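Chemist: Before I ask anything, here is the structure I am working with.
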Amino acid sequence: MVWVYKNGDPHNTGKERPVVIIRHKGRPYSSVECTVMCLGHGSRSRNHRTPELQPDTHYTAITFPKKTYLLPWSIHTIPPGALNPAKGVGELTTKGRKLVAREFAKML
């Protein structure tokens, strides 16, 4: 889990956005792209499935200013240079990884 710079936000909101890195290392073209699933704040108000991520239950080592939701329908390929590790880097727990995989599978 890491933040994306404003100019790298896949949704073009002009704000920094937290993301889960789905795949980077070992992937073709990893020097120029990585796959991410976006996270959001307050997404329950939209008509999409957006499970809430709980600190320590789903992720560790990073903090967010608001409740954070997984946006499983928002998967993008972005350049690694868009990632901003200086703002914080976290890890999904086992439960967090299972949640990401389960939510992704529900879209198939």
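Chemist: Rounding to the nearest 20 debye, state how big the charge dipole of the chain is about its Cα centre with +1 on each Lys and Arg Cβ and -1 on each Asp and Glu Cβ.
Modeler: 260 debye
Chemist: While we're looking at this one, here's another question. How high is the relative contact order of the chain? Use alpha-carbon pairs under 8 Å, at least six apart in sequence, and give a whole percent.
Modeler: Relative contact order for the chain comes out at 31 percent.
Chemist: Here is a follow-up. Return the long-range amide H neighbours of Gly88 (sequence gap of 5 or more, or a different chain), with a cut-off of under 5 Å between placed amide H atoms.
Modeler: Here the answer is Trp3, since their amide H atoms fall under 5 Å of that of Gly88.
Chemist: Could you go through region 7-21 in sequence order and give the Karplus-derived ³J(HN,Hα) for each residue, using 6.51 cos²θ - 1.76 cosθ + 1.60 with θ = phi - 60°, rounded to whole Hz, and x for Gly and Pro?
Modeler: My calculation for region 7-21 gives 6, x, 4, x, 8, 6, 8, x, 10, 5, 9, x, 9, 9, 7 Hz in order.
Chemist: Then there is this: Just to be sure I understand the curve: with the Debye formula and one point per C-alpha of the chain, what is log10 I(q)/I(0) at q = 0.23 Å⁻¹?
Modeler: -1.46
Chemist: What are the ³J(HN,Hα) couplings of region 74-88, residue after residue, when phi is run through the Karplus curve with 6.51, -1.76, 1.60 and θ = phi - 60°? Round to Hz, x for glycine and proline.
Modeler: These are the phi-based 3J(HN,Hα) values: 10, 10, 9, 9, 10, x, x, x, 7, 6, 10, x, 5, 7, x Hz.
Chemist: If you only keep lysine pairs separated by 8 or more in sequence, or across chains, how many in the chain come under 16 Å at the Cα atoms?
Modeler: 6
Chemist: For a quick check: with amide H placed at 1.01 Å from N, whose amide H comes under 5 Å from Ser74's, ignoring anything fewer than 5 positions away on the same chain?
Modeler: Those qualifying (amide H under 5 Å, at least 5 residues apart or on another chain) are Cys38.
Since every read-out is calculated from the coordinates, none of them should be taken as a lab result. Here the structure is a predicted model, which is why all the values come from computation and not from measurement. So basically every Cβ, Gly included, is an ideal-geometry build from the backbone, and we count neighbours across all protein chains shown.
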